[in-house]
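Nothing in this text is a laboratory measurement; each read-out follows from the coordinates by a stated rule. In this text, all values refer to a predicted model and were calculated from it rather than measured experimentally. Positions of Cβ are backbone-derived with ideal geometry, glycine not excepted, and every protein chain shown enters the neighbour counts.
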Amino acid sequence: MSEHSPVTPGEIVPTSLKDAISERYLAYAMSTIMSRSLPDVRDGLKPVHRRLLYAMRQLKLDPNSGFKKCARVVGDVIGKYHPHGDQSVYDALVRLAQEFAQRYTLVEGQGNFGNIDGDNAAAMRYTEARLTVVAEMLLRDIDQDTVDFRPTYDGEDHEPVVLPAAFPNLLANGSAGIAVGMATSIPPHNAVELVNALLHLLKFPNAGIDKLMEYIPGPDFPTGGELVEKTENIREAYLTGRGSFRLRARWEVEDLGRGTWQIVVTEIPYQVQKSKLIERLAELIQTRKLPFLADVRDESAEDIRLVLEPRSKNVDAEMLMQGLFRLSDLETRFSLNMNVLDASQTPRVMSLREVLQAFLDHRFEVLIRRSNNRLGKIGARLEVLDGYLIVYLNLDEVIRIIREEDHPRQKLMETFHLTENQAEAILNMRLRSLRRLEEMELRAEHDRLSAEKAELEALLESEDLRREAIAGELREMKKTLAALPEIANRRTRIGEATEIPEIPLEAMIEKEPITVICSEKGWVRALKGHVEENGAEKYKDGDRGRFWIRAETTDKLLLFATNGRFYTIGCDKLPRGRGAGEPVRLMIDLGNDQDIVALFVHKPDRKLLIASNDGRGFIVDENSVIAQTRNGRQVLNVSGDVEAAFCVEVEGDSVAVIGENRRLNCFAVEEIGEMARGRGVTLQRYKDGGLADIKTFNRADGLTWKSGERTRTETDLTGWYTKRGNAGRLPPRGFNRHNKFS
């Protein structure tokens, strides 16, 4: 069968699964894009919202009339225009009425329509609705052939393809939706600012983005907040149609007297549920991720009022809020993706200027169609008026024809050269209309309509007049909005574009003294407070203590292992209690064949001398060995039987090394280079064995070592103080037999 052969009803046509799925998925994708997810650039509405507003207009739910049950509205919408689930339609209706969701509500609700905490609206049988003044602007002149209509899904009625939209709804209320392979996200803006930009664009059609941003500095969200995005980022987003905006809550410090204070959050970012925000803040308090925060209370009534209580009056309020901005939804990002359906129903991403121009183009089309429609009605009325005036000039003859002729309409048309419409109108005249006063009114109406016709024809012929007409409509809209300051004034403050600074660890962790204990087998724990070592500590069988370190919970521990790697452990993450603790190998990726060389508290800017058991080493800056991952940071390169063996702090101007062969060599620290990673330089040479111990000291003070309970000092180092890399000589009399400095 050929590709274009006709298919009879009921005939089964073999088709490959790939072709069938492709065809059906494409149809589904187009339906989602065109009829569900993307708004029209002209009225800023998706089909369900457009049908809701049109159905409410048909029910005469204008702002000056009474309310009707939402169930009635939803029933009309799904019965006549939108054959989908009633709950989805009702959810769309509810959103149009929520002041915290819509910058300019299109539906005025009566009853429970939900709240900013995320609570749902009452059932549709309990709530009532009617249109708002803004919705009336969107529907204005819809009966004057300003837009096209199409048959409804069942063919029994007609619905508008797009609304006349005398209000820039797309940018004013924004839109969000996810289609197939594309999405849209448009934040709300201030309508007065949009009107000012539109007026400028009318006057200067080539206006650039910089000039338009003088009128539209950024989005204006219904929940207020503070926009803290850089101007260049906003410009780039408006220029390309893609970007994002950083939005913060608005807050203030409330003085409670006697040096105490609290923070009060009065506005939260757009689309953040207050209840979930409070849950997050409570979680931060419970987990101590922000110890500066002691409590959070919700004292909101109609307005937002979240009270944040600091743990101490000495806490810096700015630091506390910076931490909350980083860890909670008190700061969010709202994306901009102006992907919309243009006038030809083609989805594409538009810039700010293109969206404004598309709105103006639609208004010009509405103006032209409305003017042509009015001209048609004026022409028909003038035709009838011309016929009426003939009656007054030939009243007796007209009456005679009507009384005596069998076909008076045809006779009137022949006698007075009338059109069929004129003759029909004369025959339908009432006798009371033959008064003299009526004739005068008809002549006045004729003159008035003739003048209006001339104005409309001039309007259609002149682009300048059309621009002035559109400008007049925009100014009238601006005046209407100005009469409603509660919705006209900007709510979102344009703040300074400041980056959130990196909060130091000390600010995120409650500082308290601890004692870190680590055994020879690597079991680590932390005791509260600075505890003296008294020998009563318990360890696992066959294990004993090795490291006893006084620290703070805000400190970092550095662990140097035999594989030449440095590992970093936060003291706040150490297990607490007086048990055996936990294996340090569970906290870092340290192999079972590796051992701990050194464990100590990190001190910034300190210099460390590290060395392997074959007598090679170098100096490293302690700042550079901090590891960000469990895998640690490789610093001293070792291989084979060579292992990292020593890590000491550089204190003084000299280094003393002693080998397993009991040879001591001393030399200046400056002979050892500073490196970030490597094998290092030779500190001492050996025929047999390796490095036994290493120490730094001041030559002027002499070399000291512990011998039992005594500390001995050798100030005359003649013969031992040579150069790096020498073999050395036997140590002074009285040096430890185990070849250690301690």
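The table that follows gives values for the structure above.
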item	result
Spin-label model distance (nm) - residue 67 vs residue 589, 7 Å beyond Cα toward Cβ	6.2 nm
The stretch 603-742, Cα convex hull volume normalised per residue, Å³	123 Å³
Tilt relative to the chain, helix 47-58 - C-alpha long axis, 0 to 90 degrees, to 10	40 degrees
Cross-link table 203/453; 60/479; 60/274; 289/313, entries beyond 30 Å C-alpha to C-alpha	60/274
Total formal charge among the other residues, if their Cβ is under 9 angstrom from that of residue 70, Lys/Arg +1 and Asp/Glu -1	+3
Share antiparallel - DSSP beta bridges, the chain, percent rounded to 5	95 percent
Net charge, residue 405 excluded, C-beta distance under 12 Å - Lys, Arg +1, Asp, Glu -1	0
Over the chain, relative contact order from alpha-carbon pairs under 8 Å, at least 6 apart, %	9 percent
Alpha-carbon centroid distance for the pair the stretch 337-401 / the stretch 537-598, whole angstrom	84 Å
Cα shape, the stretch 62-212, gyration tensor, a/c 1.5 rule	prolate
Over 27 Å (Cα to Cα) - which of 603/695; 528/556; 68/276; 511/695; 556/706 fall in this group	68/276; 511/695; 556/706
For the stretch 250-329: rounded, prolate or oblate by the Cα gyration tensor [a/c cutoff 1.5]	oblate
Peptides ranked, highest mean first, by Cβ atoms within 10 Å: ranges 89-95, 604-610, 345-351, 213-219	89-95, 213-219, 604-610, 345-351
Cα gyration tensor shape of the stretch 203-295, rounded if a/c is under 1.5, else prolate or oblate by comparing a/b with b/c	prolate
Whichever aspartates and glutamates have a C-alpha closer than 15 Å to that of residue 607, once near sequence neighbours (fewer than 8 apart) are set aside	621, 622, 649, 651, 653, 670, 671, 674
Total formal charge among the other residues, if their Cβ is under 13 angstrom from that of residue 29, Lys/Arg +1 and Asp/Glu -1	+1
Listed peptides 625-632, 96-103, 54-61 by packing density, highest first (mean Cβ within 10 Å)	96-103, 54-61, 625-632
Sequence-separation-based contact order of the stretch 526-581, relative, with Cα cut under 8 Å and 6+ spacing, percent	42 percent
For peptides 186-192, 531-537, sequence by mean Cβ density within 10 Å, most packed first	186-192, 531-537
Taking only Cα atoms of the chain, radius of gyration then Dmax in Å	42.5, 156
